[in-house]
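The values are calculated or read from the model by the stated rules, or taken from the named source; none is laboratory data. Owing to the predicted nature of the structure, the values given are computational and were not obtained by experimental measurement. In this analysis, Cβ positions are derived from the backbone assuming ideal geometry, glycine residues included, and neighbour counts consider all displayed protein chains.
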Amino acid sequence: MTFQPYIRAEDASGRRIILLVEDEPFVREATCGILESAGFIVLSAEDSPQALKIYDECQQKDYPRQIALVMTDMMLPSGTGQQLGHDLHQRSTEVVVLVTSGYPSLDFETKACETNLYFLPKPYSKRTLCEKIEQILAPRPLARIAKQAS
């Protein structure tokens, strides 16, 4: 196993990058606006295949940006946000996914430590969304070191 140090995913200005996956154009645009006003760089996709393509492009060694978090709606035309999280986890165990939905929550939080999969119910305020993202992205060096050592 190769040791991969934790590197905060951000561009040269220090802004973290979020991949937003939302099939509803109005919701996608509004959420992009919220995230950009909070200081994030936002890449957006309307479905799982497009999101996977963007993610793969950003993971290339020579690509200047790495994604800090993937935020996805639960219900997508090409599957579920949970399935997208699983597909991304197959590419990298370090990928962090935030699933949002207006439907009742599944038990995401109990698996968050294992799968980096989190849940946020809709509707949410700008403040709630930003606090959740900051909570998820907060550095956890001891947990990462322990995970890498095992």
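Just a few scattered comments:
- Taking the range 52-82 as the range and being at pLDDT 90 or above, assigned to a helix (DSSP H, G or I) and among the polar types (S, T, N, Q) as the test, no residue passes.
- Failed item in (1) surrounded by fewer than 18 Cβ atoms within 10 Å (Cβ to Cβ); (2) modelled with pLDDT under 95, with P49 passing the rest: (2)
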